[in-house]
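The values are calculated or read from the model by the stated rules, or taken from the named source; none is laboratory data. Everything numeric here is computed off the predicted structure, so don't read it as measured data. Cβ coordinates were reconstructed from backbone atoms using ideal geometry, including for glycine residues, and neighbour counts include every protein chain displayed. Note: areas computed on protein heavy atoms with side chains; ligands, DNA, RNA excluded. Shrake-Rupley method; radii C 1.70, N 1.55, O 1.52, S 1.80 Å.
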Amino acid sequence: MMPCLYLPGDSLARAVGADEVAVALATQARERNLPLDLQRTSSRGLYWLEPLLEMDSPQGRIGFGPLTAADVPSVLDALQGEPSAHPLALGLVEQFPYLKTQQRLLFARAGITRPLSLEDYRAHGGFEGLTQAIALGGEQTATAVFDSGLRGRGGAAFPAGIKWRTVRGTQAAQKYIVCNADEGDSGTFADRMLMEGDPFLLIEGMAIAGLTVGASYGYIYVRSEYPQAVATLREALDIARAAGYLGANVGGSGQTFDMEVRVGAGAYICGEETALLDSLEGKRGIVRAKPPIPALQGLFGLPTLVHNVLTLASVPLILAKGAQFYRDYGMGRSLGTMPFQLAGNIRHGGLVERAFGLTLRELVEDYGGGTASGRPLKAAQVGGPLGAWVPPGQFDTPLDYEAFAAIGAMLGHGGVVVADDSLDMARMARFAMQFCAEESCGKCTPCRIGSTRGVEVIDRLLAAPDQSGRDAQVIILKDLCDTLQYGSLCALGGMVSFPVASALKHFPADFGLQPSEADQ
């Protein structure tokens, strides 16, 4: 009897050949007259090992990877003999150091369950949080979210409980829940992984939010570059609705909450919550001035709770296990866990969920294994294309919102893009300004004009023939960064100074400068 096999259906796994491996397994099993039970699961996030095939054993699941379709015949031979003898055998997956030392709360089901199996979801704690929220009622549920210390995982790290109480306390005939799934930062993929791999978790989190704040409808705003996430979510919504978890009587609560998926057109600025709301209303995505805040006047001018995927997906666990359980993870004001995403020039790229407080060095060197090229580390950009470049000298900084703010950086959505010593930081600073110029909504002058001037100033700095010419351009560039940071309407213009200023400060030689010139 062939053991049950598991292969991820994650879009990254598919991009590197998982579907071809599945076809080869089916073909080979048919030719050999072998019974094949192949389950397409979510991904564990061990992306350097994809496609990762797992097999049931008395001790746990045994892994093989990364596989190609050509490896399938020899793997099937090994499965019928001695699996550990195969050159691609990895041993017990749960014992991988990369996985064993993680603290997976959000991604506890990653790689284990089938994304669209309600049975799998329930068997692993699904909808326990919703059941508890219904039993507690809205006021106590909002208090639990507040007491957990959960902060928004979209980048701003605003306390979620304050938003919930604000929307709950605002009187209106109609309120909305909006999930910002416009995951546009470079090196980030946690939202996509969760939507593709565990869609019922997001649905449960949004249903709890809706019942708690008195909202009867919700929207998941997904970027158009995520077609598999869109398709999975829409199918999951149909399944949840048919099972009574959405609709006129959510989970037997007597309350109404339903939701739908909306697809964005690919504008980076629509990751900003008010531009996203404009886009949802059918308008061009342009940043709104605040106040009024969306919690009071959001979608269609009505009270709206806006969170990103990871924030809403954290809620079911908080309700199921209690606020104190969640607070026991983390440090300082950064409580719970964060799914950090390793990308760029990294040997072991993938997802690492740990409590706040581990260091960037542990993440990049211990989990990531250093650079894929084998060259020395030069820097890691943390927090997306507008995040600061952190040099190895600061890698012992704890991954904590306040600790990173103290070094002029931010955690953002948890993306970490690693670079080796061949990367030209002057080029990256210019790219940041160019990116801002291209993605600006155009509403405010500092962002619209300042980013374009920034490209020109960096070009003049790099082209300056002498010391005095470079000095003059450095002064202008620093003043421009200050204007963008403090004068822009939203974080797009406000944060473009982070990659530029950090590159200038830590890597002056790339600009043709001496250290004293950059730090003056």
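Placing +1 at every Lys and Arg Cβ and -1 at every Asp and Glu Cβ, with all other atoms neutral, what dipole size does the stretch 192-351 have around its Cα centre, in debye to the nearest 20?
In debye, rounded to 20, the stretch 192-351 gives about 380.
Would you work out which of Cys270, Pro499, Leu489 lies farthest towards the positive end of the dipole of the chain, given +1 charges on the beta-carbon of Lys and Arg and -1 on that of Asp and Glu, about the Cα centre?
Of Cys270, Pro499, Leu489, it is Leu489.
Consider just the alpha-carbon atoms of the stretch 5-101 and return their Rg together with their Dmax, both in angstrom.
When restricted to the Cα atoms of the stretch 5-101, Rg and Dmax are 12.5, 41 Å.
I'd like the distance between the alpha-carbon centres of the stretch 389-460 and the stretch 221-281, rounded to an integer number of Å.
Each part reduced to its Cα centre gives a spacing of 31 Å.
About its Cα centre, how strong a charge dipole does the chain have in debye, to the nearest 20, once Lys and Arg get +1 and Asp and Glu get -1 at the Cβ?
Its charge dipole is roughly 1120 debye.
As I understand it, the dipole of the stretch 5-101 uses +1 on the Cβ of Lys and Arg and -1 on the Cβ of Asp and Glu, about the Cα centre. Which of Gln39, Leu88, Leu99 lies farthest toward its positive end?
The one lying farthest along the dipole's positive direction is Leu99.
Note down the net charge around Asp510, summing +1 for each Lys or Arg and -1 for each Asp or Glu among other residues with Cβ under 9 Å from its Cβ.
Around Asp510, the charge tally is 0.
In the structure displayed, which of Lys100/Lys321; Lys163/Lys283; Lys443/Lys505; Lys163/Lys478; Lys175/Lys283 lie more than 28 Å apart, Cα to Cα?
Lys443/Lys505; Lys163/Lys478
Any idea what the dipole of the stretch 332-420 comes to, in debye rounded to 20, about its Cα centre with Lys/Arg Cβ at +1 and Asp/Glu Cβ at -1?
Here the size comes out at about 180 debye.
Please state the Cα pair-distance histogram of the stretch 334-393 with 5 angstrom bins from zero: what percent is in each bin?
Histogram of Cα-Cα distances, whole percents per bin: 4, 18, 29, 28, 16, 4, 1.
How many angstrom lie between the C-alpha centres of the stretch 5-80 and the stretch 316-388?
Value for the Cα centre distance between the two parts: 28 Å.
Taking H as built 1.01 Å from N, whose amide H comes closer than 5 Å to the amide H of Tyr217, not counting residues under 5 places away?
For Tyr217, the qualifying residues are Lys175, Ile177, Asp258.
Calculate what fraction, in whole %, of the accessible area of the chain sits on carbon and sulfur atoms when a 1.4 Å probe is rolled over the protein chains.
Carbon and sulfur together cover 53 percent of it.
Once the piece of chain linking Thr68 and Cys4 is laid out straight, how much longer is it, given 0.36 nm per residue of separation minus the C-alpha distance between them?
In short, 21.1 nm is gained.
Roughly what % antiparallel, to the nearest 5, for the DSSP beta bridges in the chain?
So the antiparallel bridges in the chain amount to around 50 percent.
Where does each of 151-159, 472-480, 89-97, 494-502 land if you order them by average Cβ count within 10 Å, highest first?
Averaged packing, sorted descending, gives the order 494-502, 151-159, 472-480, 89-97.
May I ask which residue of Val261, Gly350, Val16 lies farthest towards the positive end of the charge dipole of the chain, with charges of +1 (Lys, Arg) and -1 (Asp, Glu) on Cβ and the Cα centre as origin?
Val261
Starting at the first residue of the stretch 85-98, write each ³J(HN,Hα) from the Karplus equation 6.51 cos²θ - 1.76 cosθ + 1.60 with θ = phi - 60°, in whole Hz, x for Gly and Pro.
With coefficients 6.51, -1.76 and 1.60, one gets 7, 5, x, 9, 5, 10, x, 6, 4, 5, 9, 4, x, 4 Hz.
For the chain, report the accessible area per residue in Å² (1.4 Å probe, heavy atoms, rounded to an integer).
38
For the stretch 1-78, which trypsin sites (Lys or Arg not before Pro) are in a loop by DSSP, counting at most 14 other Cβ atoms within 10 Å?
Arg32
With the contact rule set at Cα under 8 Å and sequence spacing of 6 or more, what percent relative contact order holds for the chain?
13
From the square roots a ≥ b ≥ c of the eigenvalues of the alpha-carbon gyration tensor of the stretch 221-288, which class results: rounded (a/c under 1.5), prolate (a/b over b/c), or oblate?
Cα axes put the stretch 221-288 in the oblate bin.
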